Amino acid sequence: MVVATIPMLPVRNLDEAVRFLASLGWKEQSRYPGYVISARDNAQLHVFEYPDVVPLANDGACYIRVSDVQTLHDEFESAGIERLGPLVAQEWGMKEFTVVDPSGNLFRFGWPLD
């Protein structure tokens, strides 16, 4: 029945968000007034324009499971992604890192420890 969940995150500016997502390898699929759908591999991410979002007070977040978290972290590091957190083995059995976008949305990437 359920086949996917898709995060919908608020952003200050759609063009800024699309550029940021492109730096993470996401490609814009569709654009509507105030709304963009982006995709990478088999995942989608939606952003909607909310000019009043305050980055330091934004609670927007999503968790993205990836099959090779080390390679993805290396990719982002090589690309010079700002606000990239370290890759950490968590006590709850996940290997994870974070990225924060210009609007203050938190992206957590991870995969279970081997």
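The values are calculated or read from the model by the stated rules, or taken from the named source; none is laboratory data. Small disclaimer: the values here were computed from a predicted structure and weren't measured. When we count neighbours, we look across all protein chains shown, and the Cβ atoms used for this are built from the backbone with ideal geometry, even at glycine. Keep in mind that these areas ignore ligands, DNA and RNA; they rest on the heavy atoms of the full protein, side chains included. Shrake-Rupley method; radii C 1.70, N 1.55, O 1.52, S 1.80 Å.
The residues of the chain expose on average 61 square angstrom of accessible surface per residue, using a 1.4 Å probe on protein heavy atoms. Loop-located chymotrypsin sites (Phe, Trp or Tyr not before Pro) across region 33-114 with a Cβ neighbour count of 13 or fewer within 10 Å are TRP92, with loop assigned by DSSP. What percent do you get for the relative contact order of region 35-114 when only Cα pairs under 8 Å and 6+ apart count? Relative contact order of region 35-114: 31 percent. Protein heavy-atom surface of region 33-91, 1.4 angstrom probe: 49% of the accessible area is carbon and sulfur, with nucleic acids and ligands not counted. Applying the Karplus relation 6.51 cos²θ - 1.76 cosθ + 1.60 with θ = phi - 60° to region 51-60 yields 3J(HN,Hα) values of x, 7, 5, 9, x, 6, 10, 6, 9, x Hz, where x marks Gly and Pro. What's the long-distance tail for region 1-50, i.e. % of Cα pairs beyond 15 Å? Taking all Cα-Cα pairs of region 1-50, the fraction more than 15 Å apart is 39 percent.
Across q = 0.14, 0.16 Å⁻¹, the chain modelled as identical point scatterers on its alpha-carbon atoms has Debye log10 I(q)/I(0) values of -0.57, -0.75, in the order of the q list.
Of all DSSP beta bridges confined to the chain, the antiparallel ones make up roughly 70%.
The long axis of helix 14-23 is offset from the longest Cα principal axis of the chain by roughly 30 degrees. In order along region 33-40, phi translates into HN-Hα couplings of x, x, 8, 9, 10, 10, 9, 9 Hz, rounded to whole numbers, per the Karplus curve 6.51 cos²θ - 1.76 cosθ + 1.60 with θ = phi - 60° and x for Gly and Pro. A simple spin-label model places pseudo-atoms 7 Å from Cα toward Cβ; at THR5 and ALA61 they are separated by 1.3 nm. Compute the long axis of helix 69-78 from its Cα atoms, compare it with the longest principal axis of the Cα atoms of the chain, and write down the angle in degrees, 0 to 90, nearest 10. So the helix axis and the longest Cα principal axis differ by about 60 degrees.
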